[in-house]
Amino acid sequence: MPLKPDNCTLVIFGAHSDLAARKLFPSLYELARWGHLPDEYRIIGVGRAPLSHDEFREKVHEKMAALFPENTQNEAAFASFSARLFYVGVDFARKEEYHALHKEIMDGAPGSASSPNLLFYLATSPALAPLIVGNLDHAGLGEKDGLSGSWRKIIVEKPYGSDLQTARELNRVIGNVFHEERIFRIDHYLGKETVQNIMVFRFSNGIFEPLWNRHNIDNVAITIAEEFGIRDRGVFYEEAGLLRDIMQNHALQLLASVAMEPPVNFSADAVRDEKAKLLRSIRPITPHSVNGAVVLGQYEGYRAEKNVAPNSTVETFAAIKFFVDNWRWKDVPFFVKAGKNLAETVTEIVITFKCPPQNYFGTAESCCYTANQVILRIQPEETIAIKFGAKRPGEALITDPVFMKFDYKTSFTEAGVTPYHRLLLDAMTGDQMNFIRQDSVEYSWAIIDAIRVAFGAQIPDFYPVHSWGPESVHGIYG
């Protein structure tokens with residue numbers, strides 16, 4: 001865990017949101033109980049409902065007790081945390097109401113801890129981000145209004161815009177109020193242990209990095225599959241679709257992590273430089289190449305979901321064959337697949353190595369069965385496995401695939417922190433390693449925008465619930 005952060009006030013817009021209830025408040029309570037939060041901190045919830053401080057504290061307690069009852073069993077610990085919670089009711093669209101927030105931040109409550117350091121967390125609809133940031137600036141709560149020697153930062157949830165143009169505008173609006181080194185664009189995937197371990201696995205082990213190139217690797221497959229549908233996110237999905245929801249951020253960030261060049265050092269800027277260079281190197285998909293490179297799908301029954309149009313053509317599945325046009329990866333296919341209502345919930349990266357130049361132990365086709373692979377499983381379990389061929393017991397010389405497997409849960413006795421534990425602390429301490437920089441956001445949107453233009457007015461293929469997607473997906477693996 002990082003060093004204890006500076007004393008600060010955390011302001012959470014969207015304090016009644018599902019994200020706040022399920023991720024933010026439980027993570028903050030656990031960080032406080034473990035002694036990782038500053039000695040003096042306050043948490044100010046901001047929402048539209050008119051509540052007193054005590055009413056807000058009770059609502060946080062009710063939700064925590066319902067979702068994570070173990071967190072409320074230690075009454076003294078929760079009471080100590082609850083005393084640091086405060087609330088301000090604000091209509092996000094009315095700039096004059098932000099003066100009440102300014103007063104609460106600056107004056108504090110009697111006996112409460114106070115600090116000039118401010119961290120704003122936008123746990124709201126991304127569409128509200130420009131409005132909230134502009135109103136913070138109007139109320140004198142932007143970075144330029146901070147005291148000398150103090151800091152003001154902001155955490156922004158994905159999606160960062162809905163295309164390249166809106167992403168650039170969002171970056172411009174936020175950048176007018178906060179400097180880039182104070183902007184933390186959060187993607188919780190980057191806080192996962194296995195994702196963080198990709199660079200360690202590659203760059204600290206001499207048996208892997210020399211092989212990590214087009215001469216030895218046949219293909220890379222990235223899968224982000226969920227066995228459930230859109231649940232109650234019909235309004236969001238009708239506006240976004242899977243390309244914007246998962247491909248633009250989670251999937252491309254995983255691709256960048258596994259394919260980036262070695263950074264000059266392990267600083268946030270050096271690592272993010274290499275990720276940005278990798279994203280910029282991805283070959284654009286054009287109307288001429290789209291049919292062999294992209295399959296979009298929609299699960300059967302999606303149109304009957306709540307708040308979904310009866311004739312919707314929104315995609316809930318995507319399989320894309322990417323190429324990275326640089327020296328290391330030229331002509332190595334990266335197969336990226338993501339979808340809702342698939343056969344299982346799993347996120348993994350499979351690096352498949354080329355077969356030996358001559359196969360002594362079976363037909364040429366048998367190498368596909370025993371080809372060496374590195375399998376980085378991100379969820380549900382966090383594991384790293386290596387697949388290789390070994391002789392089957394018996395007199396016949398037959399090879400079978402076998403696995404060597406590393407499991408975080410069995411290999412380490414210390415429990416890993418969740419992504420939100422880590423990322424909240426990283427933002428407080430100013431470590432941007434696991435957050436997305438402006439240029440990477442824009443490169444990612446350029447990739448997705450090109451796919452959407454190339455796919456045009458084609459209708460996504462339907463696929464059965466709990467399958468692995470449309471039958472047409474096999475066409476891009478040829």
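The values are calculated or read from the model by the stated rules, or taken from the named source; none is laboratory data. Quantities reported herein were computed from a predicted structural model and do not represent experimental measurements. Neighbour counts run over all protein chains shown; Cβ positions are idealised from the backbone, glycine included.
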Criterion (farther than 25 Å from Gly475 by Cβ and in contact with a helix residue (DSSP H, G or I) (Cβ under 6 Å, 6 or more places away or on another chain)) met by exactly one of Glu274, Glu238, Glu261: Glu261
Residue satisfying all of: in the stretch 159-180; assigned to a loop (DSSP other than H, G, I, E, B) and in contact with a strand residue (DSSP E or B) (Cβ under 7 Å, 6 or more places away or on another chain); surrounded by the most Cβ atoms within 10 Å (Cβ to Cβ) among these: Tyr160
Selection from the stretch 56-93 of residues that are closer than 14 Å to Phe13 by Cα and in a loop (DSSP other than H, G, I, E, B): Val90, Asp91, Phe92, Ala93
Options Ile285, Ile320; residue that is more than 23 Å from the chain's Cα centre (by Cα) and surrounded by 21 or more Cβ atoms within 10 Å (Cβ to Cβ): Ile285
Residue count, the stretch 428-439 (criterion: surrounded by fewer than 24 Cβ atoms within 10 Å (Cβ to Cβ) and either more than 15 Å from the chain's Cα centre (by Cα) or part of a helix (DSSP H, G or I) (or both)): 5
Which listed residue, of Gly301, Gly297, is surrounded by 23 or more Cβ atoms within 10 Å (Cβ to Cβ) and either more than 19 Å from the chain's Cα centre (by Cα) or farther than 21 Å from Pro159 by Cα (or both): Gly297
Lone qualifier among Asp325, Asp273 - being in the same structural domain as Pro464 (by TED's automatic domain parsing), of a type in the set (Asp, Glu) and under 24 Å from the mean Cα position of the chain (by Cα): Asp273
Flag if Glu227 is of a type in the set (Asp, Glu), surrounded by fewer than 16 Cβ atoms within 10 Å (Cβ to Cβ) and in a helix (DSSP H, G or I): no
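For (1) within 24 Å of Arg377 (Cβ to Cβ); (2) within 21 Å of the chain's Cα centre (by Cα), each residue gets a yes or a no:
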site: Gly206; (1), (2): yes, no
site: Leu211; (1), (2): yes, no
site: Asp218; (1), (2): yes, no
site: Thr223; (1), (2): yes, yes
site: Glu226; (1), (2): yes, yes
site: Gly229; (1), (2): yes, yes
site: Arg233; (1), (2): no, yes
site: Glu238; (1), (2): no, yes
site: Gly241; (1), (2): no, yes
